[in-house]
Amino acid sequence: MLPPEDVVSSLPRAQKRLIQLLAKGSSTNPEAATKKWSLDFLLSPHSLHWSPESPYRLSHVKFNRTELDPANPFSPSAQVTPKILSSGQPAQVDIPANIFLRSVGYKSIPLPGFEDLGIQFDTRRGIIPNDGFGRVTSSAAPAEDGKTPDGDLISHLPGLYCAGWVKRGPTGVIASTMTDAFTTADSIAADWAAHKSNGGSKISFLNSSAGGSTGLGWEGVRPEAEKRGLRPTSWQDWQRIDAAEKERGQKKGKLREKFGRVEEMLEVIS
């Protein structure tokens, strides 16, 4: 069942487009189609089963059925729980299959040192708590107060931002992550503008007034980085890598042939 129109219209552009494509379906007559496919949601893999005749050949996959919280099934944070039959047994279904691919995304994990910076981490959802616009938040932070889109009071950790799956969880496609990164970048730009317009007195940017940090950015860590043999990648370096990838792609009739290893990129800018 697809979400009602009012829910679809309130979704971000990428998610809205995906729902609209699903609702539109295919113009091909199902009776005339030579192949068919389907999207079966709310199924959790339980076990793989092999053919009795060919013990090394997959015959079917058993799934546990799950269900969304009926109180608010279309919420992005809706809880998913196992579906239980009236007999008390879990609801299951067998789907014939001869190939099984694992493609469930990656769950983010906290980096060492998060606690020292006051960054909380939601291990259940695999995200850094944030205000939805990329600003890292904390219920115990003594930073500026703000409001989330739904009006709840939150506290920002100044100068800390996140984007992508660590911001919203392992969902979406490349376009979703790209749009999400733009949103976080807009937040950084807005905070910098507010910092400048208030003379740095109202909003602390890049921790320039918190914890004794210098706020120097790269220049503040340059000595330590150089001591470890690290080097920054400049805009000019990126342009050289970009040109090299396009040149590689042209030789193969493609727009671009991306480098697969960091060492290859470093060879271009060395």
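The values are calculated or read from the model by the stated rules, or taken from the named source; none is laboratory data. Small disclaimer: the values here were computed from a predicted structure and weren't measured. We place every Cβ from the backbone using ideal geometry, glycine too, and count neighbours over all the protein chains shown.
From the residues in the stretch 18-77 that are of a type in the set (F, W, Y) and under 32 Å from the mean Cα position of the chain (by Cα), which one is farthest from F100 (Cα to Cα)?
Within the stretch 18-77, the subset of a type in the set (F, W, Y) is 37, 41, 50, 56, 63, 74.
Pick out the ones that are also under 32 Å from the mean Cα position of the chain (by Cα) and you get 37, 41, 63, 74.
Numbers: W37: 15, F41: 16, F63: 12, F74: 28 Å.
The qualifying residue farthest from F100 (Cα to Cα) is F74.
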How many residues are at pLDDT below 80 and either farther than 19 Å from F41 by Cβ or exposed (fewer than 10 other Cβ atoms within 10 Å of the Cβ) (or both) when one looks only at the stretch 1-11?
-> 1
Given (1) more than 25 Å from A163 (Cα to Cα); (2) surrounded by 10 or more Cβ atoms within 10 Å (Cβ to Cβ), index of the condition L117 fails = (1)
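Looking at the structure I just gave you, is T66 within 30 Å of A175 (Cβ to Cβ) and in a strand (DSSP E or B)?
Numbers: within 30 Å of A175 (Cβ to Cβ): yes; in a strand (DSSP E or B): yes.
Yes.
Conditions (1) under 30 Å from K16 (Cα atoms); (2) of a type outside the set (F, W, Y); (3) in contact with a helix residue (DSSP H, G or I) (Cβ under 7 Å, 6 or more places away or on another chain); (4) surrounded by 10 or more Cβ atoms within 10 Å (Cβ to Cβ), marked per residue:
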residue: W50; (1), (2), (3), (4): no, no, no, yes
residue: Y56; (1), (2), (3), (4): no, no, no, no
residue: F74; (1), (2), (3), (4): yes, no, yes, yes
residue: L85; (1), (2), (3), (4): no, yes, no, yes
residue: A97; (1), (2), (3), (4): no, yes, no, yes
Subset of the stretch 58-70, residues under 30 Å from L2 (Cβ atoms) and surrounded by 12 or more Cβ atoms within 10 Å (Cβ to Cβ), comes to H60, V61, K62, F63, N64, R65, T66, E67, L68, D69
Search the stretch 33-47 for residues that are under 20 Å from P73 (Cβ atoms) and pair each with any residue that is among the polar types (S, T, N, Q) and outside any loop (DSSP other than H, G, I, E, B) when their beta-carbon atoms are under 8 Å apart and the residues are at least 6 apart or on different chains.
-> L42/T66; L43/N64; L43/T66; S44/N64; S44/T66
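Mind listing just one residue for me: the one in the stretch 133-180 that is on the phi > 0 side of the Ramachandran plot and crowded, with 16+ Cβ neighbours inside 10 Å and, of those, modelled with the lowest pLDDT?
Keep residues of the stretch 133-180 that are on the phi > 0 side of the Ramachandran plot, which gives 134, 151, 159, 164, 169, 172.
Checking which are crowded, with 16+ Cβ neighbours inside 10 Å leaves us with 134, 159, 164, 169, 172.
On the way: G134: 93, G159: 83, G164: 91, G169: 88, G172: 76.
Per the stated criteria, the residue is G172.
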Number of the condition not met by Q20 [criteria: (1) over 30 Å from C162 (Cα atoms); (2) surrounded by 12 or more Cβ atoms within 10 Å (Cβ to Cβ)] = (1)
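Residue-by-condition table, conditions (1) in the same structural domain as T179 (by TED's automatic domain parsing); (2) out of contact with any Lys or Arg (no Cβ under 9 Å at 6 or more places or on another chain); (3) assigned to a loop (DSSP other than H, G, I, E, B):
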| position | (1), (2), (3) |
| --- | --- |
| K16 | no, yes, no |
| N29 | no, yes, yes |
| A32 | no, yes, yes |
| H46 | no, no, no |
| S54 | no, yes, yes |
| P73 | no, yes, yes |
| S77 | no, no, yes |
For the stretch 3-28, enumerate the residues that are of a type in the set (D, E) and over 13 Å from S75 (Cα atoms).
-> E5
